[in-house]
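Coordinate-derived values only; no laboratory data. Source: prediction; values computed, not measured. FYI the Cβ positions are ideal-geometry reconstructions off the backbone, even for glycines, and counts take in every protein chain you see.
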Amino acid sequence: MKFRSVKGTRDMLPAEAPAWHAVERTVRRVMQDFHYREIRTPIFELTGLFSRSIGELTDIVSKEMYTFKDRGDESLTLRPEGTAAVLRSFIQESLGEQLPLVKVYYIGPMFRQERPQAGRLRQFHQFGAEALGAPSPALDVEMIALPLRVYQELGLKEFAVKVNSVGCQTCRPKYKELLKTELLKVREQLSEDSQKRIEQNPMRVLDSKEERDQRATAHVPLLKDHLCDDCRRHAAAVASHLDLLGIPFEEDPRLVRGLDYYTKTAFEITSTALGSQDALAGGGRYDLLVEELGGKPTPGVGFAAGMERLLMVLEKNGTTFTDLGPVLYIVAMDEASRRWAFKTAFALRSRGIAVEVDHLERSIKAQMRDANRVQAQHVIVVGERELASGTGRLKNMASGEETEVPLDRLLEG
Ligand code: HAM
């Protein structure tokens, strides 16, 4: 029987490791520059955490979660996103009592049972950040600037930033009622999914990708014209801080996003290099969520970015990442030299020098070929004569230059 990986999951193969490492390194460096510290939460949580925060009626919770009962009959779910778990930890560990503003980031796998297609996986990876404790619109913009900084460092150019305000407790309920009334008037023209959403989640109808929905809702009132003063001021400050950083953006009054926890700012970063799954990153503010999950009222804002999608864009751009080859390749001619090479390699590695030796008892020629393949910086060939004389010739593979070296110097340093 041959086993295959589960549909919608993939391996990171060794050849892909340099690209993943480059992305992860860049994320960590950028997060360090913005002074965010890493948090790691478990990949599964109690199911209620996600249904409560993301929203029962969202696609994620109603159709896409990997939920199972464990042997203790507890309902658990593989995390479909990172925000809920970070907030759970923030509340559980009273992180807010130690610092007035908690700034954290994460990198890791997320799980959603979506229909797999290019750029859409069932296990995918995100990097993301959350800032808990401040209502400042500057932080909303920081959450846009963070992934953009990562993209720029990696040489990405073609992306678009879309920003919207989804309002708050004060203005949203009133607007929703108004929207519902308008949507009921065009009900028959809407897609089946959108018809279902009118009652429970009417704002999701606005960012439907279906053409008939877009046509039918072309003239419905938009929340941007019904925001309360506080939300309006916040949205204006977000726009002015984006200008301050010189980040081009588009106000998209129909952007709602597939998670219910947002208040005020919601944003998405898309790439023109991707197909229909073009969202590279998304996020927004969630000023009510900590309280909703049982914590003290704490404003928060964050983003998450898909790593596979980022890697797809990098590949499209022809960006290549290579591993550094070993510093030294020891070519051994016989059994005694192989033993010497094995011991010397071990000693050198303990001093932080990357060394490769042959484990296949290959000919000298084949070992030289292998040294080329792994792009060794230096090669030394050791045989009976070298061991007897105690000196060998160290070849610099780039320049071809050879120098005599005493062998015991390699062992000592
Ligand atoms: P999200 O928009 O659901 O937001 O996901 C963020 C990013 O994860 C997407 O833009 C996309 O790049 C990637 N992604 C999502 N689903 C898949 C999939 N099935 N396959 C591949 N990539 C995918 C969140 O997850 C929120 N937690 C963001 C956030 C943080 N909001 C506030 N803080």
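Mean residue ellipticity at 222 nm from the helices of the chain, using -39,500 (n - 2.57) per DSSP H segment of n ≥ 4 over the full residue count, to the nearest 500 deg cm²/dmol? Mind showing how you got there, number by number?
Numbers: 16 runs with 158 residues, N = 413.
Result for the chain: -11000 deg cm²/dmol, rounded to the nearest 500.
DSSP beta bridges in the range 160-314, what fraction antiparallel, as a percent rounded to 5?
Values: 16 of 18 bridges.
The antiparallel proportion sits near 90 percent.
Please report the net charge: other residues with Cβ closer than 12 Å to the Cβ of Glu192, K and R +1, D and E -1. The answer is 0.
Relative contact order, percent, of the chain when contacts are C-alpha pairs under 8 Å separated by at least 6 residues? Let's see the in-between values first.
Numbers: 692 pairs, mean separation 63.8, N = 413.
Computed over the chain, the figure is 15 percent.
Along the range 82-92 the Karplus relation, 6.51 cos²θ - 1.76 cosθ + 1.60 evaluated at θ = phi - 60°, assigns HN-Hα couplings of x, 4, 4, 5, 4, 5, 4, 5, 4, 6, 4 Hz to successive residues, with x for each Gly and Pro.
If the segment from Glu24 to Ser240 were pulled out straight at 0.36 nm per residue, it would be longer than the present Cα-Cα gap by 74.7 nm. Under a Gaussian network description of the chain, with springs only between Cα atoms under 10 Å, the residue in Glu384, Glu291, Glu24 that fluctuates furthest is Glu384. Taking the Cα-to-Cβ direction at Glu199 and at Ala347 and moving 7 Å from each Cα, how far apart do the two end points lie in nm? A separation of 8.0 nm, rounded to one decimal place.
As a test, work out the antiparallel percent of DSSP beta bridges whose residues both lie in the range 328-410, rounded to the nearest 5.
Roughly 50 percent of the beta bridges in the range 328-410 run antiparallel, per DSSP.
Efficiency by 1/(1 + (r/R0)^6): what FRET value for Lys296 and Arg409, r their Cβ-Cβ distance, R0 = 60 Å, to the nearest 0.05? Walk me through the numbers on the way to the answer.
Details: r = 63 Å, r/R0 = 1.06.
Rounded to the nearest 0.05, the efficiency is 0.40.
Taking the Cβ of Val374 as the center, what net charge do the other residues with Cβ under 14 Å away carry, scoring Lys and Arg +1 and Asp and Glu -1? Once positives and negatives cancel, what remains is -1.
Within the shell defined by Cβ-Cβ distances under 14 Å, the residues around Tyr286 carry a net charge of -1, with Lys and Arg each +1 and Asp and Glu each -1.
Kindly rank 185-194, 82-91 from highest to lowest mean number of other beta carbons found within 10 Å of each residue.
Packing order, densest peptide first, comes out as 82-91, 185-194.
Take every DSSP beta bridge whose two residues both sit in the chain; close to 80 percent of them are antiparallel. Taking 51 Å as R0, compute the FRET efficiency from the Cβ-Cβ separation of Gln169 and Lys2 and round it to 0.05. The calculated FRET efficiency here is 0.40. For the pair Lys69 and Ala336, label points projected 7 Å from Cα toward Cβ lie 7.1 nm apart.
With the highest mean first, a sort of the peptides 333-339, 198-204 on other beta-carbon atoms found within 10 angstrom per residue produces 198-204, 333-339. When the chain is treated as a Gaussian network with alpha carbon springs shorter than 10 Å, the biggest mean-square fluctuation among Arg37, Arg197, Arg351 belongs to Arg351. Considering only Gly128, Gly390, Gly295, the mean-square fluctuation computed in a Gaussian network model of the chain, springs between alpha carbons under 10 angstrom, is largest for Gly390.
Which entries in the list Lys176/Lys264; Lys63/Lys264; Lys224/Lys264; Lys162/Lys264; Lys162/Lys296; Lys63/Lys196 go over 19 Å, if you measure between the two C-alpha atoms of each? If you can, show how the numbers build up before the last one.
On the way: Lys176/Lys264 15 Å; Lys63/Lys264 26 Å; Lys224/Lys264 10 Å; Lys162/Lys264 14 Å; Lys162/Lys296 31 Å; Lys63/Lys196 15 Å.
Beyond 19 Å between Cα atoms: Lys63/Lys264; Lys162/Lys296.
Assuming R0 = 51 Å, can you tell me the calculated FRET efficiency for the pair Glu251 and Arg369, based on Cβ-Cβ distance, to the nearest 0.05? Can you show the working numbers first?
Working: r = 59 Å, r/R0 = 1.15.
For Glu251 and Arg369, the calculated efficiency is 0.30.
Annotation for Thr319 and Asp230: the two label points, set 7 Å from Cα along the Cα-Cβ direction, are 4.0 nm apart. Relative contact order of the range 334-397: 33 percent, from C-alpha pairs under 8 Å at least 6 residues apart in sequence.
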